[in-house]
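For reference, the structure is listed below as structure tokens.
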Amino acid sequence: MKLASDSRTVGPSDRAAQVSQTVRPSDRPTPVLESRAYNFWYGTNHALHDISMGIPRRAITALIGPSGCGKTTFLRSINRMHDLTPGARHTGEILLDGASIFGPGTDVVTLRRRIGMVFQRPNPFPKSVYDNVAYGPRLNALAHARELPDRVERALRQAALWEEVADRLREPGTALSGGQQQRLCIARALANEPELLLMDEPCSALDPIATQRIEELLVELKKSYTIVIVTHNMQQAARVSDYTGFFYVGNLVEFGVTQQLFTRPSDERTEAYITGRFG
Amino acid sequence: MSSFPIEGVPPGRPSAETRWRSLVGNDRSDRVYRNVLTGLALALPALILIILGVLFMGALPALKRFGPSFIWTSTWDPVAEVYGAAPMIFGTLASSFLALLIAVPLALSVAIFLTEFSPRWLRQPVGFVIELLAAIPSVVYGTWGIFVLIPFLRAHVVPPLKAVLGWTPFFHGVFYGNSLLAGGIILAIMIVPYIAAVSREVLLAVPGSQREAALAMGATRWEAVRSAVLPYGRAGLIGAVILGLGRALGETMAVTMVIGNRHDIGVSVFQPAYTMAAAIANEFSEATTHLYLSALFEVGLILFVLTVVVNAIARILIWRVARGQAVGSQAL
């Protein structure tokens, strides 16, 4: 609670200056996703304040911060999962490849096809392993029937699950172990061949070994995908991510190269959080 | 956070178990109260067994006389003392099946609308009114059937049905008014609230994460319902339908008033039919001979066993979804 008194130090303009201080523009490739002064409200609750950041392509960006800081709210804004939340509204912009995701020309169904999402708890459908992965391609008519098996296999291989399920594709996805289920959900998301993969604390329901497998997988996946991961686990952010954004009470306090943010944070709140003084 | 003096508790502190015993154990009024409640609670299952026993005893003479052929013979002749329940069993099943055919799409649409698409403010009132349908007395439905439904069918439904489907055996012949069709429709209206209410509960029990998974994959809301919500709740939805079937099988008054009450097996829905419940209600007061009465008891026994089995299946299916066990293709 000591931090409440410190929040006076940074106003919106200061913060913008700080955010850009941490990483010079030349450090970053062109962002695949860009948020510009994005504000979000649940009813009267102002949950996100002027979030401006760019998500670099083919890299892992971690969003960290204490519970209720808005990191998941921001993540779910990116694929417009808030569309169905009563009382939700926003101002500002989020651009995917330069085009507003809120623009009149943006079809939310197409948007979500391009932006995959993996949830906190594994949520496979009560269908077979195969049908789980084939769900997206079938739904979005992405593949001919005869190409579908290849596509499913490719997604399962990318999710490092193929070896374990190759001979049980017809079994229900819900019969797999927790860690396998989460990789199945990743495979399901990958089968849509998304440009961006959002992950909302994907390891929080998993044991350390399953967590390690997912982390190895993420590092492998960033060769071809852009990943944004929300995590409670600072060690995880430090281990796997290239860029880290620190959220605190609805503000993006600091955003930068992970190593820099963890070793030389420029904001005292970031420092307090990553050194475990609160959160 | 000041420290709490846990050290101050004496070592010989009574365990939670002992304290609970001392609270509930020895008081006389408590014991009486507990015994009364236990007795009342056990009385209900006992009642079912007693009913089964009475039905069986009553049906014994007919069972002895006709054996299993009671179920598949069609003669119902109190004068000659020959009884066969096939027309009533057929009529009961046919009217219930017809009712499901009409009620299931309607009730599922209502449940899906209320849980997935309806604006929030509309959910309560619509759900309430639909459940209110279940509170209307059966005889009122029957009266409405006679004075509103049957004339309406005669004027506006039967002529087009005959024109289009009159060549099939199901819509053949003269429309008598009191008919299988009228009985089926009345039943459908009466079971919609049950199926809709239970289906709504089942759909509400489908985790939000399943909807989100589908939506995040690029499903529209309808696609999410069809490909994620309905399959997840499948077992429970089937349970809801079977529960409706159980209601339809046992419904008596309204059906008796509109189905025509004729001991006959006809394929056409325009013909009169009979149900087991209707036969018991109509003929019990006329059953003058021992064997006649016994035959009606046996009809009651068949109906009782049928509805209990159907309801038990329905309950088991619904529980499985409510307890979240309906995942996986092993559900059915």
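Structure values in brief
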| item | result |
| --- | --- |
| Average other protein chain Cβ within 10 Å of Cβ, residues B:218-225 | 5 |
| Per-residue average of Cβ from other chains inside 10 Å of B:204-217 | 6 |
| Hull shadow area, averaged, the protein assembly as shown [alpha-carbon convex hull, nm²] | 41.5 |
| Among A:Ser52, A:Ser177, A:Leu218 the positive-end extreme of the charge dipole of the protein assembly as shown (Cβ point charges) | A:Ser52 |
| Among beta bridges that DSSP assigns inside the protein assembly as shown, antiparallel share in %, nearest 5 | 60 |
| B versus A: buried accessible surface, summed, Å² (probe 1.4 Å, to nearest 100) | 1900 |
| Ellipticity estimate at 222 nm from DSSP helix runs (n ≥ 4, -39,500 (n - 2.57)) divided over the protein assembly as shown, nearest 500 | -16000 deg cm²/dmol |
| Cα-based Rg / Dmax (Å) for the stretch A:145-279 | 17.2, 56 |
| Centre separation in Å (Cα based) which lies between the stretch B:249-289 and the stretch B:180-236 | 33 |
| Which of B:Ala103, A:Gly92, B:Thr75, positive extreme of dipole for the protein assembly as shown (C-beta unit charges) | A:Gly92 |
| Per-selection Kirkwood Rh - chain B (Cα, Å, 1 d.p.) | 23.6 |
| Rg [Å, one decimal], Dmax [Å, integer] - chain A, C-alpha atoms | 19.0, 62 |
| Protection proxy ranking of B:285-291, A:207-213 - average other beta-carbon atoms within 10 Å, highest first | A:207-213, B:285-291 |
| Average partner coverage of A:119-127, which counts Cβ from other chains inside 10 Å | 6 |
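The values are calculated or read from the model by the stated rules, or taken from the named source; none is laboratory data. Not measured: the values here are computed from a predicted model. When we count neighbours, we look across all protein chains shown, and the Cβ atoms used for this are built from the backbone with ideal geometry, even at glycine. Each accessible area value is taken on the protein alone, full model and side chains, heavy atoms only, with ligands, DNA and RNA left out. Shrake-Rupley method; radii C 1.70, N 1.55, O 1.52, S 1.80 Å.
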